[in-house]
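Okay, so here's the structure we're looking at.
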Amino acid sequence: MQQKIEQIISNICRDLFNQDIDVELTRPDEQFGDYATNVSLRLANQLEQKPRQVAESIADKLKNKQGIKAVEVAGPGFINLTLTDDALNSLADQKPHQSLAGKVVVAEYSDPNPFKVLHAGHLYTTITGDAIAKLLETAGATVHRLNYGGDVGLHVGKTMWAILKILGGEHPHKLESVDASTRLEWLSERYVEGNEAYDDGEAKTDIVELNKRVYQLHADSDHKSPFAQIYWSCRQWSYDGFDKLYSQLQISPFEKYLPESEVTPLGTKMVQKGLKDGVFEKSDGAVVFKGEEHGLHTRVFLNSEGLPTYEAKDLGLAAYKWQQYKFDINIIITANDIVEYMKVVLAALDNFYPDVAKRTKHFTHGIIKLPGGVKMSSRKGNILRAVDILGAAHEANKAATGQDNEQTILAAVKYAFLKNRIGGDIIYDPAESVALEGNSGPYLQYAHARARSILAKAKKPDSSQHVTVSFEDGERSLVRKIGEYTEVVDRAVVELMPHHICTYLYELAQTFNRFYEQNRVIGDARESLRLRLVELYADTLKNGLELLNIPAPDRM
């Protein structure tokens, strides 16, 4: 309906003024109508006419158009439109547009490093990335979910050094003494020990050599030597731990864990070729990209020992994605401390795969904290882990309700993250997140269950009937809000911002509350119509929660 009216107004502008203009309808406050447009103000300067005069000419042509009940010119030249009840009712039945049908998207998110634990930032990107991928699928895209992590690099050398130290050498059988339930924490402790030894200079040389050995065992496909057995076992421990948490979060499965080791050779070759072609240059034995020529900064892609840096690996990652998927959109979600880093990587990538650089969308987030918390560091071991966030939610829910409901916890944490616009810092308040009042996931779950309980008490309405009766004020307000759903989803898809869905669902629940307080449903003469509205509301709420990958139980 929105697009249809926009096209009608666009055609009117062409017929009246010989002007081609894109018309955008917005949602005004309900007292002013169902849609509004400022097209007259935009046209006035070109036509050298007063905006209100232009608006009145357009309004005259809009009157009596199918689906439009009333047209009003307001203020300096805004046009407000009120839909007929029948059109408004039809709008509530619409589904989100398949605007990305046939498009291929690669969504890379979560990205924890093996040999370390998932921290709060990983939890955020996991939840947000999963919601964005779901939005894209709803719009018709084919989405490939990838999880990229560093299974090679200095952090692995540090961890391996500490592992060998605690095992007393290369003794893989001693790993059996590590309890399966504590393996991720055990690896994290080893990383902290290795990092401290590296920073203190105690074992820097040994760690650098171990780092080289890790790269070499990949090059040799070594799985049998004692060192290799320890490495591969501990890498698998990490993946198993990640899988366990992802299962707990009830997110969509990743298509693939893509380790750095798999893309490193490709990235290294790209840098070596780029060095010959003048894309990169030598500097103190390293290979660098001079970002200043692009308004950026210089970064190292091969260090002085010839080993690839994160930058070179990210080049290989981008090339791998393109070769495998030939995508239309490449989405990456990371912390915002690598914004400038990614600009340099994409500038270098533009010399090899310009289409990939153009099709890449890099989203970043700020710091995740608990109330009163400070930024933490995995290097020092005082990291805020993903399990710490979930544990805080469990404790808060038990304190508030005396229960420990997993579905409530998922709703609490996911919604608390997703309701914030991507980009800023997030202070996660456990008590606020589990509350059954206010803007929370559990509140929306309760709102859905409440609507289902109303429907369960009455005869099921015939949703196949097309309602043509006139709406009363409260009914109209509810139908109007339900009808906004597809527009909100379309906007969230365009901007790739799930918080639009959260804001809408909370507003929808509030609109229903006002309706239900003032309009009797069961036993009223208008019961059949109102039950249908309750069902439309419940279905819309459920669809929105499912877009966010939040459970929508029928009972609480």
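Computed quantities for the displayed model
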| item | result |
| --- | --- |
| Tally, over region 414-433, of residues that are free of Cβ contacts under 8 Å to residues at least 40 places away in the same chain and surrounded by fewer than 24 Cβ atoms within 10 Å (Cβ to Cβ) | 2 |
| Residue in region 421-431 that is farthest from residue 368 (Cα to Cα), counting only those that are assigned to a loop (DSSP other than H, G, I, E, B) and in contact with a helix residue (DSSP H, G or I) (Cβ under 6 Å, 6 or more places away or on another chain) | 421 |
| Inter-residue pairs, beta-carbon under 6 Å, first at pLDDT 95 or above and in region 169-181, second in a helix (DSSP H, G or I) and not β-branched (Val, Ile, Thr), 6+ apart | 170/226; 170/227; 172/226; 172/229; 174/167; 175/233; 178/186 |
| Any hit, region 290-311, residues being assigned to a helix (DSSP H, G or I), within 18 Å of residue 152 (Cα to Cα) and over 22 Å from the mean Cα position of the chain (by Cα) | yes |
| Any hit, region 202-211, residues being polar (S, T, N, Q) and within 27 Å of the chain's Cα centre (by Cα) | no |
| Some residue of region 237-259 being more than 26 Å from the chain's Cα centre (by Cα) and in a helix (DSSP H, G or I) | yes |
| Residue in region 506-529 that is at pLDDT below 95, of a type outside the set (S, T, N, Q), assigned to a helix (DSSP H, G or I) and in contact with an Asp or Glu (Cβ under 9 Å, 6 or more places away or on another chain) present | yes |
| Subset tally (residues that are in contact with a strand residue (DSSP E or B) (Cβ under 9 Å, 6 or more places away or on another chain) and either more than 13 Å from residue 246 (Cα to Cα) or of a type in the set (Phe, Trp, Tyr) (or both)) for region 91-115 | 12 |
| Matching option when the condition is in a helix (DSSP H, G or I) and in contact with a helix residue (DSSP H, G or I) (Cβ under 6 Å, 6 or more places away or on another chain), among 117, 143, 156, 192 | 156 |
| Region 162-185: number of residues that are in a helix (DSSP H, G or I), out of contact with any helix residue (DSSP H, G or I) (no Cβ under 8 Å at 6 or more places or on another chain) and not acidic (Asp, Glu) | 5 |
| Any pair with Cβ under 7 angstrom, 6 or more apart, that starts in region 138-159 at a residue that is over 21 Å from residue 246 (Cβ atoms) and ends at one that is hydrophobic (A, V, I, L, M, F, W, C) and in a loop (DSSP other than H, G, I, E, B) | 139/100; 140/100; 140/101; 141/100; 155/115; 156/115; 159/115 |
| Those residues of region 333-360 which are in contact with a Gly (Cβ under 9 Å, 6 or more places away or on another chain) and among the β-branched types (Val, Ile, Thr), in sequence order | 333, 334, 344 |
| Cβ-Cβ under 7 Å pairs, at least 6 apart or on other chains, region 333-344 side farther than 15 Å from residue 298 by Cβ, far side crowded, with 16+ Cβ neighbours inside 10 Å and among the aromatic types (Phe, Trp, Tyr) | 333/109; 333/363 |
| Those residues of region 336-376 which are under 17 Å from the mean Cα position of the chain (by Cα), of a type outside the set (Phe, Trp, Tyr) and assigned to a strand (DSSP E or B), in sequence order | 360, 361, 362, 364, 365, 368 |
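The values are calculated or read from the model by the stated rules, or taken from the named source; none is laboratory data. This is a predicted model, so every value here is computed, not measured. Neighbour counts run over all protein chains shown; Cβ positions are idealised from the backbone, glycine included.
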